[in-house]
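The values are calculated or read from the model by the stated rules, or taken from the named source; none is laboratory data. Nothing here was measured: the structure is a model prediction, and the numbers come from that model. Backbone-built Cβ (ideal geometry, glycine too); neighbour counts: all protein chains shown. The protein model used for the area step is the full one, side chains on, heavy atoms only, and it has no ligands, DNA or RNA in it. Shrake-Rupley method; radii C 1.70, N 1.55, O 1.52, S 1.80 Å.
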Amino acid sequence: MTIQLTHNIGGVATPSVDGRTLEVHSPSDDALVGVAPRGSAADVDRAVKAAREAFETWSRLPAPARGEILAKSGRILEQRKDEIAAVMSREMGKRTEEAKGDIQEAIDTAYYAATEGRRLFGRTAPSELPNKFGMTIRRPIGVAGIITAWNFPIAVPSWKIYPALVCGNSVVWKPAEEAPCSGAMFAQALWDAGLPNGVLNVVHGYGEEAGAALVAHAGVNCLSFTGGTEVGKLIASEGGKTLKHVTLELGGKNPVIVLPDANIDLAVDGILWGAFGTAGQRCTATSRLIAVGDVADRLLPKLIERANKLVLGDPADKRVDVGPLISKKHRERVHAFVEQGKSEGGKVLTGGAIPTDGPLAKGWFYPATLVDDVKAGSTLALKEVFGPVLSVIRVKSLDEAIAVANEVEYGLSSSIYTADVNAAFRAIERIEAGITYVNAPTIGAEAHFPFGGVKGTGNGHREGGWAPYEFFSEVKTVYVDYSGGLQRAQIDNRQE
Ligand code: NAD
């Protein structure tokens with residue numbers, strides 16, 4: 001049955017002003033999964049007005065009470081986890097187990113955000129004058145515009161929407177056009193939990209239309225974006241024209257360094273999961289294996305054997321390890337990267353060909369692919385592929401491995417496998433990335449730790465844990481003078 005979506009503006013389910021729609025097709029077999037309204041500037045304008053109106057009362061509700069609604073939405077997501085995971089898996093191709101993990105991340109974030117409603121700490125410090133008190137409090141910003149990518153249709157939006165709401169902001173969210181159906185189910189959990197009308201508004205549509213309108217709208221006070229680096233740069237510059245606060249979570253080109261003393265079987269397990277989980281379509285996916293010394297000779301035969309055994313197919317089938325890529329166009333892009341890698345001297349050890357037979361021919365599948373002898377500085381070594389392609393770069397030393405790890409424009413996640421604590425700490429200190437794992441894969445963020453990257457991966461903010469509450473609120477400094485007289489700072493307390 002095809003899912004029919006609407007926008008939700010001010011609590012009202014509504015089609016687009018101009019009646020246009022967009023279709024969502026399953027990447028597994030190209031079947032029609034859903035039809036969503038195709039929002040334009042007019043829809044965004046209505047949503048921002050509804051959010052602005054709702055802000056007046058929502059921002060005055062005590063933060064602990066706001067938190068209680070978020071906690072309830074977490075409980076609703078728990079009850080609906082299987083149902084939502086099935087839709088997510090169908091519309092964007094994530095394996096059902098991983099789809100459940102996506103939703104669990106949102107549940108964890110709901111509970112964290114709910115308790116943050118009882119913190120939202122300010123500070124006090126002694127005043128320099130007698131009978132005077134100084135403190136800071138946190139105030140909401142206003143309307144938050146939220147734009148997200150399809151690969152984490154619920155987890156990533158939850159990292160933004162829950163903190164924005166508990167801080168007292170209202171929200172206009174444009175989910176990714178590729179995965180609006182599961183996104184809508186996430187929003188529904190919040191409305192069913194009792195979120196007042198207009199506090200969270202959802203406008204579906206394409207980035208260049210609904211997304212761009214949200215970025216430009218003068219009634220939006222802050223923007224939180226997850227997606228590609230080029231779009232992120234555009235959003236930062238367009239949003240800057242109306243002085244919006246902007247947080248960006250962008251691409252990655254994540255390395256795993258394996259030293260000769262590493263536990264090889266552990267490294268193989270971690271590399272397979274990091275490189276081929278979600279068919280490599282994670283911002284934190286392991287994209288480069290930087291093999292030090294002779295370790296490649298022991299590591300690669302095991303990796304090839306295990307990669308060859310990974311089952312490609314329907315993400316709802318429990319026996320399947322790797323689902324489809326998001327679209328035909330994206331698969332062409334991924335395959336073009338592999339071809340480019342070959343032309344630059346890379347050797348395909350396994351994978352590297354588009355399946356043309358049987359049920360796999362109906363969807364946008366691409367096999368787990370290992371490319372050896374990728375040269376530092378070449379296309380495969382530098383560009384984000386966002387698919388199940390692992391490039392092997394051989395180096396001689398830890399110093400060289402770290403230099404290669406740092407040669408990319410991105411800096412999201414990273415990993416090192418070694419038994420040498422000194423080497424691990426040198427890597428932790430010197431790898432340019434927002435996240436470094438030791439003896440674990442590059443993927444697997446936990447909801448209560450900050451998440452984000454350096455260099456081209458972002459603009460210095462973090463999601464997850466305690467970090468986003470700073471972004472979604474403003475500090476107000478309050479002075480209370482109870483002396484009964486005029487006290488002049490820097491003057492009356494100086495005897496000159
Ligand atoms: P994308 O940038 O094309 O799209 C992301 C969102 O931005 C979508 O909702 C899209 O509609 C919207 N958008 C596109 N153009 C826009 C514009 N001009 N104005 C406003 N909105 C616009 O990204 P994608 O290709 O769908 O997603 C994959 C990318 O996202 C990868 O680079 C991946 O690394 C990145 N990503 C990063 C993180 C992170 O936390 N760092 C997490 C997930 C995905």
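Within the range 193-238, the residues that satisfy the criterion of being open to solvent by less than 10 Å² (accessible area, probe 1.4 Å), more than 8 Å from the ligand (Cβ to nearest atom) and under 30 Å from ALA433 (Cα atoms) are CYS222, LEU223, SER224. The condition of being open to solvent by less than 10 Å² (accessible area, probe 1.4 Å), over 23 Å from CYS283 (Cβ atoms), outside the structural domain of GLU177 (by TED's automatic domain parsing) and more than 28 Å from the chain's Cα centre (by Cα) holds for only one of ALA423, ALA419, ALA361, that being ALA423.
Does ASN254 satisfy being among the polar types (S, T, N, Q) and either open to solvent by less than 10 Å² (accessible area, probe 1.4 Å) or closer than 25 Å to PRO450 by Cβ (or both)?
Numbers: among the polar types (S, T, N, Q): yes; either open to solvent by less than 10 Å² (accessible area, probe 1.4 Å) or closer than 25 Å to PRO450 by Cβ (or both): yes.
Yes, satisfied.
If you go through the range 364-400 and pick out every residue that is of a type in the set (Ser, Thr, Tyr), open to solvent by less than 10 Å² (accessible area, probe 1.4 Å) and farther than 30 Å from ALA31 by Cβ, you end up with 1. Of everything in the range 318-349 that is surrounded by 20 or more Cβ atoms within 10 Å (Cβ to Cβ) and more than 27 Å from the chain's Cα centre (by Cα), the residue that is nearest to the ligand (Cβ to nearest atom) is GLY341.
Taking the conditions exactly as written (closer than 24 Å to HIS245 by Cα and touching a Lys or Arg at 6+ places or on another chain (Cβ under 9 Å)), does LEU165 satisfy them or not? Considered against the rule, which asks whether it is closer than 24 Å to HIS245 by Cα and touching a Lys or Arg at 6+ places or on another chain (Cβ under 9 Å), LEU165 comes out as yes. Within the range 430-441, being part of a loop (DSSP other than H, G, I, E, B) and without any contact (Cβ under 8 Å) to a residue 24 or more places away in the chain holds for one residue alone: THR436.
Filtered by the rule that a residue be of a type in the set (S, T, N, Q) and either more than 15 Å from ASP192 (Cα to Cα) or outside the structural domain of GLY19 (by TED's automatic domain parsing) (or both), the range 31-79 gives SER40, THR57, SER59. For GLY34, the criteria (1) open to solvent by 40 Å² or more (accessible area, probe 1.4 Å); (2) in contact with a Cys (Cβ under 9 Å, 6 or more places away or on another chain) hold in every case but one, which is (1).
Scanning the range 442-459 for residues that are within 17 Å of TYR410 (Cβ to Cβ) and either outside any loop (DSSP other than H, G, I, E, B) or away from the ligand (no atom under 13 Å from the Cβ) (or both) yields PHE451, LYS455, GLY456, THR457, GLY458.
Report whether or not ALA144 is buried (at least 24 other Cβ atoms within 10 Å of the Cβ), farther than 30 Å from SER26 by Cβ and either in contact with a strand residue (DSSP E or B) (Cβ under 9 Å, 6 or more places away or on another chain) or assigned by TED's automatic domain parsing to the domain that holds THR278 (or both).
Working: buried (at least 24 other Cβ atoms within 10 Å of the Cβ): yes; farther than 30 Å from SER26 by Cβ: yes; either in contact with a strand residue (DSSP E or B) (Cβ under 9 Å, 6 or more places away or on another chain) or assigned by TED's automatic domain parsing to the domain that holds THR278 (or both): yes.
In short, yes.
Name the strands (runs of 3 or more DSSP E) wholly within the range 128-202 that hold at least 1 residues that are in contact (Cβ under 8 Å) with a residue 60 or more places away in the chain and out of contact with any helix residue (DSSP H, G or I) (no Cβ under 8 Å at 6 or more places or on another chain)?
In the range 128-202, 132-140 are the strands (runs of 3 or more DSSP E) which contain 1 or more residues that are in contact (Cβ under 8 Å) with a residue 60 or more places away in the chain and out of contact with any helix residue (DSSP H, G or I) (no Cβ under 8 Å at 6 or more places or on another chain).
Considering every residue within the range 346-364, establish whether at least one is in a loop (DSSP other than H, G, I, E, B) and in contact (Cβ under 8 Å) with a residue 60 or more places away in the chain. Within the range 346-364, one or more residues are in a loop (DSSP other than H, G, I, E, B) and in contact (Cβ under 8 Å) with a residue 60 or more places away in the chain.
Can you spot a residue in the range 84-96 that is of a type in the set (Asp, Glu), more than 16 Å from the ligand (Cβ to nearest atom) and assigned by TED's automatic domain parsing to the domain that holds TYR469? It would help to see each step written out before you state the result.
Here is the first cut: in the range 84-96, the residues of a type in the set (Asp, Glu) are 91.
Adding the requirement that they be more than 16 Å from the ligand (Cβ to nearest atom) leaves none.
Within the range 84-96 (the criterion being of a type in the set (Asp, Glu), more than 16 Å from the ligand (Cβ to nearest atom) and assigned by TED's automatic domain parsing to the domain that holds TYR469), the answer is no, since none of the residues qualifies.
For (1) in a strand (DSSP E or B); (2) surrounded by 11 or more Cβ atoms within 10 Å (Cβ to Cβ), each residue gets a yes or a no:
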position	(1), (2)
TRP466	no, yes
GLU470	no, yes
VAL475	yes, yes
SER483	no, yes
ARG494	no, no
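Answer yes if at least one residue in the range 70-88 is more than 26 Å from the chain's Cα centre (by Cα), surrounded by 17 or more Cβ atoms within 10 Å (Cβ to Cβ) and modelled with pLDDT of 95 or more, and no otherwise. Checked the range 70-88: no residue is more than 26 Å from the chain's Cα centre (by Cα), surrounded by 17 or more Cβ atoms within 10 Å (Cβ to Cβ) and modelled with pLDDT of 95 or more. Mind listing whichever residues of the range 426-454 are at pLDDT 95 or above, at negative phi and within 15 Å of the chain's Cα centre (by Cα)? Selection gives GLY434, ILE435, THR442, ILE443, GLU446, ALA447, HIS448, PHE449, PRO450, PHE451, GLY453, VAL454.
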